[in-house]
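What follows is a single structure, written as structure tokens, with notes after it.
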Amino acid sequence: MAKAFASQGDTAQKAISFDEIGEGLWAFTAEGDPNSGVIIGDDSVMIVEAQATPRLAAKVIEKVREVTDKPISHVVLTHYHAVRVLGASAFGGAQVIMSDAARAMVVERGQEDWDSEFQRFPRLFEGHESIPGLTWPTATFSDRMTVYLGKRRVDLRHIGRAHTAGDAVVHVPDANVMFTGDIVEDHSACYCGDGYFGDWGATLDRIKAYDLDAIAPGRGGALVGRAAVARAIESTRDFVASTYAPAHRVAMQGGTLKEAWEAVREVCDPKFSGYAIYEHCLPFNVSRAYDEARGIAHPRIWTAARDLEMWEALQG
């Protein structure tokens, strides 16, 4: 039987967890599906990541209402990917915030990404009929922005490229907790198909320098305690480096994408095959690593057609 492309064969619903990771700070996680964050301020609430559809966003809102009745005033989107942003309309009139670089990605490739991700992961787009269109921010920032939820300070920072060109992190200084988006994952594969392998490690170092007490990663469980934070940062670093090095070696030897795929599998399968969405991410990761190794600095736009062409090439 032919292997299903990406996550087309993933139809099982995931169990939701809602964990407090600091005072008034919550991580909405679901066994490797995209996470969201909740920051409760004095008079309102900030959401980090809007999920893929309004239907999924409603599940986040249900959890918020279990712990507070304060209005949701802000939605921060750490990057442009469809599975993170297309549920934003569920939050009504909340201000929607992205980095300037993330908004530029919506302009350049937002529709193509939506079409591609819909094909890759149909389960996450259940209820897609309710998506009103691309999600556009109502406010953007270049490097940094501070939002006050009453007296509670929330710092938004674009600290470097990693998962995408426009990655932002959300830091709550009074609790020393960070929502990292997909820069950091825990027991989940990093999606590197729009990433910057050469920059990712330095961006992780900038997160590490905060000496955080807790992290809500992009995927995987909440990370509470400095030991858990450190472990996840280093396992993310290992995943990225282990993916890039074999692909780079093959590219420098004039090898093919298929040969890079085989070389990456040889290194990564023993370490990471048990991670959530590993098989989903691997072809896109290898393709991007192979491109970057050959000097293609800016990730090429994924389309539904390009996805399938790449998959057919890798399957021989």
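The values are calculated or read from the model by the stated rules, or taken from the named source; none is laboratory data. Remember, predicted model here, so these are calculated numbers, not experimental data. Cβ sites come from the backbone with ideal geometry, for glycine too, and all protein chains shown count toward neighbours. Each accessible area value is taken on the protein alone, full model and side chains, heavy atoms only, with ligands, DNA and RNA left out. Shrake-Rupley method; radii C 1.70, N 1.55, O 1.52, S 1.80 Å.
Tell me, what % of the accessible area of the chain is carbon and sulfur with a 1.4 angstrom probe? Don't skip to the end; give the middle numbers.
Values: 6210 of 12160 Å².
Of the solvent-accessible surface of the chain, carbon and sulfur hold 51 percent.
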Quiz item: Per-residue accessible area for R206 at 1.4 Å probe radius, Å² rounded to 10?
Solution: 110
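Could you give the DSSP H helices of the chain that reach 15 angstrom or more along their long axis (alpha carbon positions) and whose average Kyte-Doolittle hydropathy is no lower than -1.0? Mind dumping the intermediate values first?
Values: long enough: 54-67 (20 Å, -0.06); 100-120 (27 Å, -1.20); 197-208 (17 Å, -0.41); 226-252 (38 Å, 0.08); 257-272 (21 Å, -0.48); 278-293 (21 Å, -0.61); 304-314 (16 Å, -0.09).
Those that pass (Cα extent of 15 Å or more, hydropathy at least -1.0) are 54-67, 197-208, 226-252, 257-272, 278-293, 304-314.
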Quiz item: So what are the radius of gyration and Dmax for the Cα set of the range 67-171, in Å?
Solution: 14.2, 43
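Tell me the relative contact order for the range 177-316 as a rounded percent, counting alpha carbon contacts under 8 Å between residues six or more apart. Display every interim value, and only then the final one.
Working: 202 pairs, mean separation 41.9, N = 140.
Answer for the range 177-316 is 30 percent.
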Quiz prompt | Coordinate range along principal axes, alpha carbons of the chain, Å, largest first | solution = 58, 42, 34
Quiz item: Counting Lys and Arg as +1 and Asp and Glu as -1, what is the net charge of the other residues whose Cβ lies under 14 Å from the Cβ of V147?
Solution: +1
Practice problem: Considering only protein heavy atoms, with the full assembly of protein chains and a 1.4 angstrom probe, order M252, M46, M145 by accessible area, largest first. | Solution: M252, M145, M46
Practice problem: Work out, in µm²/s and without decimals, the Stokes-Einstein translational diffusion coefficient of the range 148-216 at 25 °C, 0.890 mPa s, Rh from Kirkwood over C-alpha pairs. | Solution: 195
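How high is the relative contact order of the chain, in percent, counting Cα pairs under 8 Å that sit 6 or more residues apart?
Details: 677 pairs, mean separation 53.7, N = 316.
Once divided by the residue count of the chain, the mean separation gives 17 percent.
Can you give the calculated 222 nm mean residue ellipticity of the chain, where each DSSP H run of n ≥ 4 adds -39,500 (n - 2.57) and the sum is split over every residue, rounded to the nearest 500 deg cm²/dmol?
Computed ellipticity for the chain at 222 nm equals -12500 deg cm²/dmol.
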Quiz prompt | Using a Förster distance of 30 Å, the FRET efficiency for Q95-Q315 (Cβ separation, nearest 0.05) | solution = 0.10
Quiz item: How do W114, W136 stack up against each other in accessible area, from largest to smallest, with a 1.4 angstrom probe?
Solution: W136, W114
Practice problem: Let me know the charge dipole size of the range 133-292 about its Cα centre in debye, to the nearest 20, where only the beta-carbon of Lys, Arg (+1) and Asp, Glu (-1) is charged. | Solution: 440
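Return one whole number: the accessible area per residue of the range 200-268 in Å², for a 1.4 Å probe.
Details: 2900 Å² over 69 residues.
Accessible area per residue, the range 200-268: 42 Å².
Between exposed GluC sites (Glu not before Pro) in the chain, where DSSP calls loop and at most 14 other Cβ atoms lie within 10 Å, what's the longest gap? Numbers along the way, then the final one.
Numbers: sites that count: E23, E126.
Counting at most 14 other Cβ atoms within 10 Å as exposed, the longest clean stretch of the chain is 127-316.
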Quiz item: What is the pair-distance distribution P(r) of the range 1-133, computed from all Cα-Cα distances in 10 Å bins starting at 0, with each bin given as a whole percent?
Solution: 12, 43, 33, 11, 1, 0
Quiz item: For the range 107-264, which semi-axes, largest first and in whole Å, follow from the square roots of 5 times the eigenvalues of its Cα gyration tensor?
Solution: 28, 23, 15
Quiz item: Residue by residue, what Karplus-based ³J(HN,Hα) values in Hz, rounded to whole numbers, does the range 35-50 have, using 6.51, -1.76 and 1.60 with θ = phi - 60° and x for Gly and Pro?
Solution: 8, 10, x, 10, 10, 9, x, 5, 10, 7, 10, 10, 9, 10, 6, 9
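At 1.4 Å probe radius, can you tell me the per residue accessible area of the range 11-75 in Å²? Working shown, then result.
Numbers: 2550 Å² over 65 residues.
Per residue, the range 11-75 has an accessible area of 39 Å².
Which sequence of K258, K208 reflects their accessible areas, 1.4 Å probe, from the largest down? If you can, show how the numbers build up before the last one.
Details: K258 70, K208 115 Å².
Descending order: K208, K258.
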Exercise. Under a cut-off of 25 Å between alpha-carbon atoms, report the lysines in cross-link reach of K70, not counting same-chain residues fewer than 8 places apart.
Key: K59, K151
Practice problem: Would you mind giving the average projected area, over all directions, of the Cα convex hull of the range 182-256 in nm² with one decimal? | Solution: 5.0
Self-check item: Qualifying lysines (Cα of each under 28 Å from Cα of K258; at least 8 residues distant if same chain)
Solution: K3, K271
